[in-house]
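Some notes on the structure that comes next.
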Amino acid sequence: EDAFHQDSSSFAVYISDQAHFSVEKACRLAGLRCRRVPARLEGNYSLHPSDVKEAMEKDRAAGLRPVALVLTYGSTNTSGTDDIAAFKDLAKEEDLWIHVDAAYAGAAWALDEFRKDSQAVSDVVTSVNMNGSKWFLCGFDSAFLWVRDRNLLLDVFSASGVFMAEVGETSIYNPEFKDWSVPLGRRFRALRIWMVFEYFGTSGVRSYIQQAIDQASWLRSKIEESPLFEQPVQTKFGLVCVRSVKGEETTQQLAKHLSDLGYGIAPSKICEKDALRIALGSAATTQAHVEQLWKDMVTFAEQH
């Protein structure tokens, strides 16, 4: 019983300053302190173990207890990735719960090119999540959570009553999801996910993911060759980050121009300057669409 009534105000969770805001929100809901550690910009943003270690030592000296680390694989703003394998020693030394937020880019683990990254997840982390709605064709809301030891969840969330039917551990009724999380029930999503794999097959899903990367890589190569644009970060998935070399005002005008043409372009700030985020990943997007986008970008840039 004492384990459920500890004062968690001394527990600290460490995340990258590039992590999604939902992680900080989750820490607040759990009553945990959240420490945002600045990521280093080396091609793209990435968290370094030495920086996390330093932050933990400062907190420990102040009487706090490091308990968890959240790493990012495919950050929302720039699709940056933390080097998960590099945190293996720190995880053991500090006895940390290591969670990986792979909501977007985790889908890339289906490709051989990124299989090494998925092996690092298998070797290091305690839990990992991926959203089926972002880059996996499953629609909203569907998300996948893996945990290394399900007893970590059962020990906290398991509860029952004398009116509940007894369920054997190997029964067809298991897993008993009411004992895995806060909700006692959940909507049925499995059929939707099954239908995606039934229709596309695993090869079709892989082709879909590869198509987005190929389209993004083509656009990245065009930007690299052009004197009109620059990439504030280097990306490797289906996201392309770009800005005008003429400054933020022109970048803002470009974003509005493309939006007026019907493109779904998401403006943002990278390195504290305006930039465009072009996310390739729709099953309906063809190479011709990407080439037309590039033509429209160049035409605008040449006229401004």
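At a glance:
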read-out: Residue pairs meeting the criteria (Cβ under 8 Å; at least 6 apart or on separate chains; first farther than 20 Å from LEU152 by Cα and open to solvent by less than 70 Å² (accessible area, probe 1.4 Å), in the stretch 171-193; second modelled with pLDDT under 85 and of a type outside the set (Val, Ile, Thr)); value: ARG189/ASP141
read-out: Within the stretch 62-162, strands (runs of 3 or more DSSP E) holding 1 or more residues that are over 23 Å from GLN6 (Cβ atoms) and open to solvent by 40 Å² or more (accessible area, probe 1.4 Å); value: 143-147
read-out: Positions within the stretch 144-159 being touching a strand residue (DSSP E or B) at 6+ places or on another chain (Cβ under 9 Å), under 14 Å from ILE98 (Cα atoms) and not basic (Lys, Arg), in sequence order; value: LEU145, TRP146, VAL147, LEU152
read-out: ILE209 farther than 17 Å from ALA284 by Cα, open to solvent by less than 70 Å² (accessible area, probe 1.4 Å) and either touching a residue at least 60 places away in the same chain (Cβ under 8 Å) or of a type in the set (Val, Ile, Thr) (or both); value: no
read-out: Single condition LEU47 does not satisfy, out of (1) out of contact with any helix residue (DSSP H, G or I) (no Cβ under 6 Å at 6 or more places or on another chain); (2) open to solvent by 20 Å² or more (accessible area, probe 1.4 Å); value: (2)
read-out: Set GLN215, GLN234: member being farther than 17 Å from THR285 by Cβ and either touching a helix residue (DSSP H, G or I) at 6+ places or on another chain (Cβ under 8 Å) or modelled with pLDDT of 95 or more (or both); value: GLN234
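The values are calculated or read from the model by the stated rules, or taken from the named source; none is laboratory data. From a predicted model like this one, the values you see are computed outputs, not experimental measurements. Here the Cβ is made from the backbone with ideal geometry for all residues, glycine too, and neighbour counts use every protein chain on show. What goes into the accessible areas is simple: the full protein's heavy atoms, side chains included, and nothing from ligands, DNA or RNA. Shrake-Rupley method; radii C 1.70, N 1.55, O 1.52, S 1.80 Å.
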